[in-house]
Every structure is written in C-alpha cells, then in structure tokens.
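K.L.:
Below you'll find the structure I mean.
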Amino acid sequence: MARLRSLLQQVCSLMLLLAVGSQALKFDIQAGSGHDKHSRRCIRNFVSKDMLVVVTAIVDGYKGDGMQLNMHISDATGNEYGKPKDIAGEQRTVFTSHADAPFDVCFENILTGSRYVEHPYRHVELDIDIGADAKDWSAIQATEKLKPVETELRRIEEMVAEVVSEMDYLRSREQKLRDTNESTNTRVKWFGFCTTFLLIALWAWQIMYLRAYFRSKHLI
C-alpha cells in the first residue's frame, strides 16, 4: 500500500511538472538599434546531450511593419542550432543537442526605418519542449496504433527515464566536484607543509649564519 501511494505521488508530481512546463513564456520586446539591452532578450535552458528540442515562437506583427525580429539559438559550447531572421507569426525550430550544456534562445528586435512605428514592440510567446515533450505523440499513436492509455504510459515512461538520466548526470557531476575538492584540499595541505618546512629551514639558517657572523667578529 505504501509503495502504491509513493508511486501515485510520483505520478502526480510528474503530471504537475508537465502541466507547469506546458505553459508558454510571454513577453514584449522593444525595438531599437539592436545593440542596446532593451531590444535584445535571451532565455536560457539546460539540455542533456542527444536530446530532442523543439522551440516554438509565436510573434505578433507582420513583415515590413518597420521592425525586424531575429532569433538566434546557440549553446554555451559554441554550437548553433538556428538563426532565423525577420520572423512573424509562428516559427518552429527543431534540433538535437550536441552537448550537456545550457542553450540560449535570443531575440533581437531592430527598427528598420522603412516606416514610422507608433508602438515599437513585438509580443513573443515562447514554448520550449525538451525530450519526451518534444515528440509528436499523436503521430506516434497513429503510426504504432496505440491506445490513448498506452500512449500516455509510454510518454510518462520516457519522462521518468529522462529524470533518471538527469539524476545520474547530477550524481556524476557531484562525484567530479567532490574529487576536485579532495584533490585541492590535498594540494593545499602539502603546500602548507612545504611552506612550514621552508620557514623552519630559513629560521635555522638565519640562526647559524648570525652565530657564525658574531663569532667571526669576536662578539660572542
């Protein structure tokens, strides 16, 4: 009974995460020269290696309205996944990550000067789906002829597998940081021992030198 209750709690927590993660991020971005901070905005997210990512941006306005909204997707290791320019309406970018690293989805709203803009803002609705959320489960259900319950259980299974993979990654990073910390502590300890030994040796040499100096001057 306790195991069933624990399983139900995990499933409910997972469904809550799915419900929260399904909400899109909405914001307005001001048009400018493209070099000022007000006309540029970046959203950062972390993704594991070889993970499917779908970035969907819904932008109001239209091409030729005096503003040009550009999007740039890249990760912290230098990989670029998309650089669409002058987007309006729905823009979808699909890619597979090349490394365990955070990636940025940046928007840049530039005034083109082709016409007067009374309200120099673009409204952006951004949705980022990663892993199991990025798959088209309706197509999978139709292709493999799965029942709705089977499709949902398979989606939850993949979500759980992703959580386990993420926990393994965090555990390996923790182990690496622990090893680095222990190695640093060992080096600091031996550096302290060497410094102490050198100071004692220098102190003994100074005493011997001063005694020899005073004896040569017949002061002692």
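The values are calculated or read from the model by the stated rules, or taken from the named source; none is laboratory data. Here the structure is a predicted model, which means the values were calculated and not measured. Neighbour counts run over all protein chains shown; Cβ positions are idealised from the backbone, glycine included. Note: areas computed on protein heavy atoms with side chains; ligands, DNA, RNA excluded. Shrake-Rupley method; radii C 1.70, N 1.55, O 1.52, S 1.80 Å.
K.L.:
Could you please state how large a percent of the accessible area of the range 106-219 is carbon and sulfur, counting protein chains only and using a 1.4 Å probe?
P.N.:
On the way: 5560 of 8980 Å².
Looking at the range 106-219 in its full context, I get 62 percent from C and S.
K.L.:
About its Cα centre, what dipole magnitude does the range 48-152 give when the only charges are +1 on Lys and Arg Cβ and -1 on Asp and Glu Cβ, stated in debye to the nearest 20?
P.N.:
Details: 10 positive and 19 negative charges, 67 e Å.
Dipole of the range 48-152, to the nearest 20 debye: 320 debye.
K.L.:
To continue, here is another question. Applying the Karplus parametrisation 6.51 cos²θ - 1.76 cosθ + 1.60 with θ = phi - 60° to the phi angles of the range 70-77, what ³J(HN,Hα) value in whole Hz is obtained for each residue in order, glycine and proline being reported as x?
P.N.:
Those phi angles translate into 10, 10, 9, 10, 8, 10, 6, 8 Hz.
K.L.:
Further, regarding this structure: With every protein chain left in place, what is the accessible area of residue 42 in Å² (1.4 Å probe, nearest 10)?
P.N.:
Ignoring ligands and nucleic acids, residue 42 comes out at about 60 Å².
K.L.:
OK, next. Using the alpha-carbon centroid of each, what span in Å lies between the range 35-52 and the range 171-220?
P.N.:
Their Cα centres are 48 Å away from one another.
K.L.:
Follow-up question, since we're still on this one. GNM, the chain, Cα, under 10 Å: largest mean-square fluctuation among 58, 156, 207?
P.N.:
Among 58, 156, 207, the largest mean-square fluctuation in the Gaussian network model of the chain belongs to 207.
K.L.:
Among the helices of the chain (complete DSSP H runs), which have Cα atoms covering no less than 18 Å along the helix axis and a Kyte-Doolittle mean of at least -1.0? Can you show the working numbers first?
P.N.:
Details: long enough: 2-21 (28 Å, 1.25); 148-216 (101 Å, -0.31).
In the chain, the long hydrophobic H runs are 2-21, 148-216.
K.L.:
Identify, among 56, 95, 200, the residue whose Cα sits farthest towards the positive end of the charge dipole of the chain, taking +1 on the Cβ of Lys and Arg and -1 on the Cβ of Asp and Glu, with the dipole about the Cα centre.
P.N.:
200
K.L.:
Here is a further query. Suppose a student asked you for the relative contact order of the chain, using Cα pairs under 8 Å spaced at least 6 residues apart; what percent would you report? If you can, show how the numbers build up before the last one.
P.N.:
On the way: 291 pairs, mean separation 48.9, N = 220.
Over the chain, the number comes to 22 percent.
K.L.:
Pick out, from 151, 161, 181, the residue whose Cα sits farthest towards the positive end of the charge dipole of the range 95-197, with +1 on the Cβ of Lys and Arg and -1 on the Cβ of Asp and Glu.
P.N.:
Projecting each Cα onto the dipole axis, the largest value belongs to 181.
K.L.:
Could you tell me which of 134, 76, 216 has its Cα farthest along the dipole of the range 68-220 towards the positive end, charges placed at Cβ (Lys, Arg +1; Asp, Glu -1), taken about the Cα centre?
P.N.:
216
K.L.:
For Cα extents along the principal axes in Å, several values are listed as (i) 55, 51, 38; (ii) 50, 44, 33; (iii) 102, 66, 27; flag the one computed from this structure.
P.N.:
The listed entry that was calculated here is (iii).
K.L.:
Taking the Cα centre of the chain as origin and charging only Cβ (+1 Lys, Arg; -1 Asp, Glu), how large is the dipole, in debye to the nearest 20? Before the final figure, lay out the partial values.
P.N.:
Working: 28 positive and 29 negative charges, 332 e Å.
Using Cβ point charges on Lys, Arg, Asp and Glu, the chain gives about 1600 debye.
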